[in-house]
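Scroll down for the structure; my scribbles are underneath it.
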Amino acid sequence: MIHFFLLFFLSFSGVRSLGVNYGQVGDNLPSPDKVLELLTSLNISKVRIYDTNPQILTSFANSNTELIVTIENEMLTQLLDPQQALQWVVTHIKPYFPAVRITGIAVGNEIFTGNDTVLMANLVPAMMAIHEALGELGLGSYIHVSTPTSLAVLEESFPPSAGSFKGEVSSYISQFLQFLSRTKAPFWVNAYPYFAYKDNPDIISLDYALLNAMTYLVDPSTKLNYDNMLYAQVDAVIFGMARLGFDGIEVRVSETGWPSKGDVDEIGANSENAAIYNRNLLRRQLANEGTPLRPNTRLEVYLFALFNEDMKPGPTSERNYGLYQPDGTMAYNMGLSTSSASVSLSSSATKDIEVADESW
């Protein structure tokens, strides 16, 4: 069944919203040029990285890949100085653009759910400084500036119409939303139905978490039907923004995925569920789906992640979100096999990956 659906999916072109997160927290990952070869063979044209690695930027030059780059959390304080922000853009963006199709800069990651209120207070001023530096260099209309936010920033997320941000960060969120509204940049959310299911397996339907259209929940306020948790999570963010007086900001999913392996207490973390979740996500992208609240706006999603990363800290699941092992073999069977392209990611790989020519 998995094989059939993925081959069906990959037999069509035109799926442009799905992207992938390319993390590098591993000591055995393939070189960036080999990664680009794999991405190109899969026709994945949108990638997010967690830094501005010059090797990746150089390798991705003159490709069709759109790239979101990241400014690490620890850099934010320095970028409050407009001259430092300008120098950062001059050093990390300008030498590569437009040969590298940089479309977004993520300023930090999941800052609103940390404990550092100084960092929260510095976030939007740093974003403003980067945005103004881009404008000064004539790049402002090409590259948007935002920050990925964990879904844990919400106080309430279900039903979606009850979506609201936590009171202790609402002032920071309001400032952030004002920036997004003014610059027309998207709200990026890291949304993982897996976490909700793992913590409440007796309450949350596995089908609902895996994006299987077998369980329907009705929002009592809007009467909208939800057949999966991811869309409910996204709409909860939209309602949360509306409660703070902001309508019309696009929400994009900067991370979502399902681990193929976990510790004993990580319920649901296995290869079967990972394959089902990602297959369903691909199928929904093929259908150009929006959420029930915004059915005519296609939801842009970045899958986490391209590779298993062996140096990530934390529970076993953290090192097992990848579609691929570092040697280029698939982490589990998703049916990504057929057509004409064959890619070997390392000299030690004994099995080439056959992938489809059409788009994800």
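The values are calculated or read from the model by the stated rules, or taken from the named source; none is laboratory data. On a predicted model such as this, the values are computed, not experimentally measured, just so you know. Don't worry about glycine lacking a Cβ; one is built from the backbone with ideal geometry, like all the others, and counts go over all protein chains shown. Heads up: the accessible areas ignore ligands, DNA and RNA and are worked out on the full protein's heavy atoms, side chains in. Shrake-Rupley method; radii C 1.70, N 1.55, O 1.52, S 1.80 Å.
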Point to revise | Residue list for the stretch 244-260, filter: in contact with a helix residue (DSSP H, G or I) (Cβ under 6 Å, 6 or more places away or on another chain) and open to solvent by 30 Å² or more (accessible area, probe 1.4 Å) | key: Leu244, Phe246
Review point. Can you pull out the residues in the stretch 144-168 that are surrounded by fewer than 20 Cβ atoms within 10 Å (Cβ to Cβ) and among the hydrophobic types (A, V, I, L, M, F, W, C)?
Key: Ala152, Phe158, Ala162
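Restricting attention to the stretch 183-190, does a residue exist that is open to solvent by 50 Å² or more (accessible area, probe 1.4 Å), among the polar types (S, T, N, Q), farther than 16 Å from Tyr231 by Cβ and modelled with pLDDT of 95 or more? Before you say what the answer is, go through the steps one by one.
We begin by selecting, within the stretch 183-190, every residue open to solvent by 50 Å² or more (accessible area, probe 1.4 Å); these are 184.
Adding the requirement that they be among the polar types (S, T, N, Q) leaves none.
Looking through the stretch 183-190, none of the residues is open to solvent by 50 Å² or more (accessible area, probe 1.4 Å), among the polar types (S, T, N, Q), farther than 16 Å from Tyr231 by Cβ and modelled with pLDDT of 95 or more.
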Review point. Quick one: how many residues across the stretch 27-48 are open to solvent by less than 30 Å² (accessible area, probe 1.4 Å) and modelled with pLDDT of 95 or more?
Key: 7
Check your understanding: Restricting attention to the stretch 52-66, and to residues there that are part of a loop (DSSP other than H, G, I, E, B) and among the polar types (S, T, N, Q), which single residue is nearest to Pro30 (Cα to Cα)?
Key -> Asn53
Point to revise | Residues satisfying the stated conditions in the stretch 218-239, i.e. of a type outside the set (Val, Ile, Thr), in a loop (DSSP other than H, G, I, E, B) and farther than 22 Å from Asn278 by Cβ | key: Asp219, Pro220, Ser221, Lys223, Leu224
